[in-house]
1. Post the alpha-carbon centroid distance, segment 298-330 to segment 173-205, in whole angstrom.
2. So, in nm, how far is label T217 from label K334 when the simple model puts each one 7 Å beyond its Cα toward the Cβ?
3. Which of F210, F248, F26 comes first, and how do the rest follow, when ranked by fewest Cβ neighbours within 10 Å?
4. Based on a Kirkwood Rh over C-alpha pairs, give the Stokes-Einstein translational diffusion coefficient of segment 257-352 at 20 °C and viscosity 1.002 mPa s in µm²/s.
5. State, to one decimal in nm, how far the label point of S408 lies from the label point of N276, with both points 7 Å from Cα in the Cβ direction.
6. What percentages, rounded to whole numbers, describe P(r) for segment 321-381 computed over all alpha carbon pairs with 10 Å bin width beginning at zero?
7. Quote the relative contact order of the chain in percent (integer), defining contacts as alpha-carbon pairs under 8 Å separated by 6+ residues.
8. Remind me, relative contact order of segment 371-470 in percent, using alpha carbon pairs under 8 angstrom and six or more residues apart?
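Derivation of every value follows stated rules applied to the coordinates shown; laboratory data play no part. Values in this document were obtained by computation on a predicted structure and should not be read as measured data. Ideal geometry is used to build each Cβ from the backbone, glycine not excepted, and the neighbour counts take in all protein chains shown.
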Amino acid sequence: MLLLLLVGATGCSGDGAGETVSRLVFPEAPQDTQLYDTSILDDESRWTVNNAHDPAIIKTDQGYYVYSTDVRVAGEAKPGVMARKSDDLINWTWVGQALPGIPKEALDWTGAVNLWAPDVIQVGDTYRMYYSASTFGSTRSAIGLQTSSSPEGPWTDEGLVVKTSENEKDKLNAIDANPVVDAEGNSWMVYGSFFDGIYIAPLDPETGKFKGEGYGTRIAARDRATEEGAAEGPYIVYNPEFKKYYLFVSYDSLFEDYNVRVARADSITGPYTDVNGMNMLDTEHLPQYEVGTKILGGYHFTEGEGWVAPGHNSVLKDGDDYYIVHHARGETDKNWPYLHVRKMLWTKDGWPVVSPERYAGETTQDIPKSMIAGEWEGLALDPSVDGQVQAVPYTLQANGKMKSENGSGNWTFDGKQTLTLEWKESPWGGSSTEELKLLPSWDWERSQPALVVTGLNDRGIAVWGKQLKAAEE
């Protein structure tokens, strides 16, 4: 549902100084989820976005489906891959466990007690589900394949695609599979976690399994094989507008400071470099947190619940729209993982940026300049900051000036969707020029419509903001 607002004044000019009456559409109030609701713990039909971890999304002619890791707050998860469905990317219903448990070959090899990080791709009339089996901290792992004629199953076991042992020379870890088709129609699987990093291997389009011997090509890694030095949960998407492949990975500790990084390449096998030209295979550069463009991390706005450790994302390209799908943990109790869907926009230079608010049905629209001035708050997703980033207030004045408690500068607007902030001293430190995309959204923290911005600054750091109060005319 959408909320229609009439804004603007008569007399149109290119810089928005005088505007015709515009129809700006904001989302109406979505049904929110009560956080930390213990009454649902034993009723899967009421889980909706609860207990969603490592979500992978697919659009089908029957709706959107998300498949995720077997987890359960305050109890043991039932193994078998969780499946949820939605018609609008906002409201999610429980479908069930896709599998009756852990497939025997995967169980015998790994001793797993649940299944991790599934992903599903449609090939012709067949759905292929890739799942991971392992135990925490081990490289004795396996990725298996199941097939079905329906996104809801039943599923047929096709055996293992790849497995690794605790004795692997390079400590490669066979989990976190993402099947992907390149621009020429070739099939691939990107996978890997911790230890030796992220690999990509060609798939046989007929079988869905590896096309040849070996493990493929390594495309990303970090030096430290520890929880705090993790690079995992790979996902690749191709953007035909920029003719680039984008590799998304999650860094750092699953419970504390998980965050999503992105890099891009001309070829699906790399090399993948970030916005500052750093190669995702560079394990010598220090500090290592500078490698990979951070586009999603823990945050807290001045009102409402904050979120920690967002990560292990998938990406949906739906027509011309892109969405990033990930889990995040509530700051009050990090044991509760929730499903988040956010609109993903693109800078003019071809980098993905993520909305600071969860998706509620918003669409990109040209914004009247008269709506921009007012009280705002914002934050920078600095890769050197672990955990949550706190938002700080600032003011955009109608005369093109802006100020915060410790900074000042000027803002300009292109008359459509791009806001540029030029800080002499930014609220997050140092001079900064920020190119931001405007989006009329739903403010989940304050339960009302609001303008938000997302983009990158001139140092490649992601910047978020949202309007708290429009300036009085």
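1. Computed from Cα coordinates, the inter-centre distance equals 23 Å.
2. 3.7 nm
3. The fewest-first ordering by Cβ neighbours comes to F210, F26, F248.
4. Answer, rounded: 143 µm²/s.
5. 3.0 nm
6. It works out to 16, 39, 34, 10, 0, in whole percents.
7. 12 percent
8. With pairs under 8 Å counted, the relative contact order is 27 percent.
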